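Here the structure is laid out as structure tokens; the discussion comes afterwards.
The values are calculated or read from the model by the stated rules, or taken from the named source; none is laboratory data. Note that this is a predicted model, so its numbers are computed, not measured. When we count neighbours, we look across all protein chains shown, and the Cβ atoms used for this are built from the backbone with ideal geometry, even at glycine.
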2 protein chains.
Amino acid sequence: MKSREIRLTRHFTGPVLPEYFEIAEIDLPEPGEGEIQVKNVWLSVDPYMRGRMIGIKTYVDPFQVGAPMEGGAVGQVVSSKAEGFAEGDWVMSMYGWREGWTAPTAGVTKIDADLLPPEAYLGVAGLTGMTAYVGIKEMIGLKPGETLWMSAGAGAVGSAGIQFAKAMGAHVIATAGGGEKTAFCTELGADAVVDYKAVDDLGAAVRAAAEPLGGIDAYFENVGGDHLQAALDSLKPHGRMAVCGMIARYNDDAPSPGPSNLTQIVAKKLTLRGFIVSDHFDVYSDFVSDLSGWMMAGKVKTRDTVFEGIEKAPEAFMGLFTGANIGKMLVKL
Amino acid sequence: MKSREIRLTRHFTGPVLPEYFEIAEIDLPEPGEGEIQVKNVWLSVDPYMRGRMIGIKTYVDPFQVGAPMEGGAVGQVVSSKAEGFAEGDWVMSMYGWREGWTAPTAGVTKIDADLLPPEAYLGVAGLTGMTAYVGIKEMIGLKPGETLWMSAGAGAVGSAGIQFAKAMGAHVIATAGGGEKTAFCTELGADAVVDYKAVDDLGAAVRAAAEPLGGIDAYFENVGGDHLQAALDSLKPHGRMAVCGMIARYNDDAPSPGPSNLTQIVAKKLTLRGFIVSDHFDVYSDFVSDLSGWMMAGKVKTRDTVFEGIEKAPEAFMGLFTGANIGKMLVKL
């Protein structure tokens, strides 16, 4: 079987450009003993991958220049020499950014494509949903009746988070950019939605929206920049912040100044907790259990933005930084 | 009895100027039923007071323009019409910035001047020491064998914190400005001391000092600005930060940008916790118990910087922002 794959041509800072990616075709080897060959069907592109393109080790190793990149993927087994894996089985792996692969089964998980659509395992039922869950439940410790401000509410993590927080009995103010995204947040159950592109003073707009709900107890940070500044100004005393990402900062060419109001951390006795989902697999079974319940109760909807074909993967990835996605950004092969 | 007192002439942002203070003399009334008259002997000046001069409610009300300011003070009862208070008793109150006062005894605490020098109740055995204790024990949860970076190590909170952390079995890297202050940090038991005025790259210098100790697990933030930036770059993954104050920022005329490396909060999964000591009186008895033990074991030294005379209180206060104090800044009457 032939497989096309996307490779990184260089490490870089600053905006993501198409020439940093190249496509190559290889012949996949037949599986050896203990290996399987898989045809990928869905690939995930995620903001955290930007950090792996810089070439400096952060919490994960950088992508290797010239080698196929890695990322979440689901696909079907084509041939198997590994126990417990048969042709036609659906599997999830980190062998993304490629049409197929042959590898041992370590780190490969079988998924139940009858229970959920296979692509959901890259979204709400996968690391994306788990990220929202860990941020809300473990980092913030959101309680029923409290009010959460979910930034990037129409994004993959944000759209899961709005629904999880509502299912937990909390109120949610969502922010998103533009009418289609704000409408999606409303559809997901957000109590109030602010279009950050349509307001002059984001903090004032969010505080006004939160006032009938008693103010903002917690903030889920996906954005950085002006959103972080507004959140520091808007949280109530003893407010908590889960710091999941700061996508507005990832493509900075040069270091860009942070908010000027960090003294609010002292004045309002705030707690900010950065986190990475992979540190929290100890709550995975809680997540699955809660999520199953919410899904059976019809409390969780999903929506994906889908690009088709392996050659579109870089474009899908670049779209994360221009707000091209509503819900989870996926590539279908 | 006559009493001179310091009053605020206006609310202000930006640098503290002498003309923002005026001195006035009043006749103290004789104590009525349930009241005492006290002659203050020691006054505390503290960085947090700067926030009360802005005129905006933060976690405490602003000082009233034209009225005597408030602050920690210890003094002796001159005459009493309140049960439990007799002439000559030592008391601690928030009636600072004045030579004497007549008031009811609510909020006034009798102190044991045989156990400790009375001024210690404004320093290591008072809110200053308690602030260091809460930051290290409650906010950071410092464990034996871990390494703490204490900023402003020669300051009131910092000098207490270095000794408390050492007494708890942790390692301490202290930063301070200039040879006299760094020598004081060493005398207090810091494992390594960095003179921030003498290095080009504060983070690199602190990391180098911390390397033999296994790196920096926690940071005690008193400074802000370049110190905060360096701390975000220097903490180990899962590092914790107690955010006690950011004195470098308090006199900003206009909002000043924050650190450019806040994405480290995500990349290194850091926790930042702002706090105010008055939220944590539930640990006061633990503090007193631990402190007594450490003092009896000779593990806690104190040093004060003393200005004499009520008219010097504004100068003492302004000195906090120019680094004029080693240890606790006090005014002796």
Considering the stretch A:70-93 alone, what residues qualify as being part of a loop (DSSP other than H, G, I, E, B) and farther than 16 Å from residue A:3 by Cα?
A:72, A:81, A:82, A:83, A:84, A:85, A:86, A:87, A:88, A:89
Taking into account only those residues within the stretch B:168-217 that are among the charged types (D, E, K, R) and in a helix (DSSP H, G or I), which is nearest to residue B:298 (Cα to Cα)?
B:187
Failed criterion for residue A:212 (all others in (1) buried (at least 23 other Cβ atoms within 10 Å of the Cβ); (2) more than 9 Å from chain B (Cβ to nearest Cβ); (3) out of contact with any Ser or Thr (no Cβ under 6 Å at 6 or more places or on another chain) hold)
(1)
The stretch B:220-251, subset assigned to a loop (DSSP other than H, G, I, E, B) and either among the hydroxyl-bearing types (Ser, Thr, Tyr) or within 8 Å of chain A (Cβ to nearest Cβ) (or both), residue surrounded by the most Cβ atoms within 10 Å (Cβ to Cβ)
B:244
The correct count of residues that are out of contact with any helix residue (DSSP H, G or I) (no Cβ under 7 Å at 6 or more places or on another chain) and surrounded by 16 or more Cβ atoms within 10 Å (Cβ to Cβ) in the stretch A:56-78 is 8
Out of curiosity, is residue B:57 at negative phi, modelled with pLDDT under 95, of a type in the set (Lys, Arg) and not in a helix (DSSP H, G or I)?
yes
In the set A:157, A:74, which member is in contact (Cβ under 8 Å) with a residue 40 or more places away in the chain, of a type outside the set (Lys, Arg) and farther than 27 Å from residue B:232 by Cβ?
A:74
For the stretch B:279-333, give me each residue that is aliphatic (A, V, I, L, M), more than 16 Å from residue B:160 (Cβ to Cβ) and surrounded by 15 or more Cβ atoms within 10 Å (Cβ to Cβ).
B:306, B:310, B:313, B:316, B:318, B:331, B:333
Looking only at residues that are closer than 18 Å to residue A:251 by Cα and within 7 Å of chain A (Cβ to nearest Cβ) in the stretch B:254-273, which one is nearest to the chain's Cα centre (by Cα)?
B:259
